[in-house]
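Since every read-out is calculated from the coordinates, none of them should be taken as a lab result. This one's a predicted model, so the numbers in the text were calculated from it and none came from an experiment. When we count neighbours, we look across all protein chains shown, and the Cβ atoms used for this are built from the backbone with ideal geometry, even at glycine.
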């Protein structure tokens, strides 16, 4: 690893550790909590059954998208495959924007969201980084990307149909075309890497 990449990695690690040491990633918003379970419990206490389902949809979408952003940022930094780096950069940027939209709407609606990925998700990222076979590591990321976007499309379609709050329904509906495009991109790269 080049010394510049090593320094970048150390710098990013220091930022992550510093933000986590601050409790909730430096975010002082009362609707952002440390874990997905805590966010769900707070939402259960705040909302009736109908509102709780809408809140749960936002929590699930935010948690999945935050993981996608974090893993893609990592892949972008550590992959040596230009195509994989490119798609990871696209995914990281797009999911960062999606997360901001979800967060903005959650704040407006009083929905609590998790502040970070789960320890299991962090472990998955660490295991990806530690894989020795870089080609298999990159194939695994792209395969997971296809699977994750199929799941995300399913979640967003169901939420666009079943949520009762019109703003929440619109967020899910509006995001679907981009998620479908991501799935197409990931599937095309997946097929290319099989050859």
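More than 24 Å apart: what percent of Cα pairs in segment 29-194 qualify? That fraction is 35 percent.
Packing, as the average of other Cβ atoms within 10 Å across residues, places the peptides 71-78, 160-167, 130-137 in the order 71-78, 160-167, 130-137, highest first.
Cα centroids of segment 52-129 and segment 157-186: how far apart, whole angstrom? So the separation of the two Cα centres works out to 16 Å. Peptide packing for 104-116, 170-182 was compared via the average number of neighbouring C-beta atoms within 10 Å per residue; ordered from the highest value, the list is 104-116, 170-182.
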